[in-house]
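Asks: Handing you a structure now.
The values are calculated or read from the model by the stated rules, or taken from the named source; none is laboratory data. Remember, predicted model here, so these are calculated numbers, not experimental data. When we count neighbours, we look across all protein chains shown, and the Cβ atoms used for this are built from the backbone with ideal geometry, even at glycine. Note: areas computed on protein heavy atoms with side chains; ligands, DNA, RNA excluded. Shrake-Rupley method; radii C 1.70, N 1.55, O 1.52, S 1.80 Å.
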Amino acid sequence: ETLKYEITASQQQIGSILKNALSHSDVKLRCAAFLLVCEMVTELDTEIWTPLTATAPVLYQLLQHMAENQLNEELDECLQAFVSVVEAEPDFFKQQLKQTMEPAKLLSKLVKTRKVDNGIRKISLEWLATFADKKPKWLVKNSPEFAPLVIECCIALMVEVDDSESELKVWMERMDDE
């Protein structure tokens, strides 16, 4: 409780630090700021983290930058943090989803791009599925394009499944062993 009070009392200073860190040229520092925002959202009360929703567009831009520059380690770490946020506080994403469909558009692009690392694709789909699970009524009312986007992702992944006979035999043998 004391830490929460100190954070609340220092919101302006913390906001300034985050703003500077998120706009810094060093991607590692920007990634650390991204992770701090996510940690604050998952750990603090809603009234304390609500001002952090203003960082959302910058967070999405950073994800985009990491994806474009194939910074997979940082991207994976930030996406893992995003999944933690959507599991704990899906409301963090509602304003941007309603206005721009982000981060759903970016994450669906990552899922559907074959050259993207499979781990990145998986965690991106996990975020989409988790948000759908956490906020189904909100999505129907406020973001009707979300479900088709997720279905496109699933179909894109299904089309990639190797249906060769040798792959099928390997799978069947593995299933027999289990």
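Asks: For the list (1) in a helix (DSSP H, G or I); (2) within 16 Å of Gln64 (Cβ to Cβ), I need the number of the one condition that Val140 fails.
Replies: For Val140, the failing item is (2).
Asks: Hey, another quick one. Looking only at residues that are β-branched (Val, Ile, Thr), over 14 Å from the mean Cα position of the chain (by Cα) and open to solvent by less than 80 Å² (accessible area, probe 1.4 Å) in segment 10-52, which one is nearest to Leu97 (Cα to Cα)?
Replies: Across segment 10-52, the extreme among qualifying residues is Thr50.
Asks: Checking the conditions here, which among Leu110, Leu59, Leu63, Leu79 is assigned to a helix (DSSP H, G or I), among the hydrophobic types (A, V, I, L, M, F, W, C) and in contact with a Lys or Arg (Cβ under 7 Å, 6 or more places away or on another chain)?
Replies: Leu110
Asks: Has segment 136-149 got at least one residue that is among the aliphatic types (A, V, I, L, M), under 25 Å from Asp117 (Cβ atoms) and at pLDDT 95 or above?
Replies: yes
Asks: Another question, then. Among the residues of segment 65-100, count how many are aromatic (Phe, Trp, Tyr) and over 10 Å from Thr42 (Cβ atoms).
Replies: The number of residues fulfilling the criteria is 2.
Asks: Still on this structure, please answer the following. Which pairs have Cβ atoms under 7 Å, sit 6 or more apart or on different chains, and link a residue in segment 25-45 that is touching a residue at least 12 places away in the same chain (Cβ under 8 Å) to one that is open to solvent by 10 Å² or more (accessible area, probe 1.4 Å) and not in a helix (DSSP H, G or I)?
Replies: Val27/Leu71; Arg30/His24; Val41/Glu89; Thr42/Glu89
Asks: Okay, moving on. With the requirement that a residue be farther than 23 Å from Met158 by Cβ, among the aliphatic types (A, V, I, L, M) and either modelled with pLDDT under 95 or surrounded by fewer than 17 Cβ atoms within 10 Å (Cβ to Cβ) (or both), what does segment 72-114 give you?
Replies: Ala88
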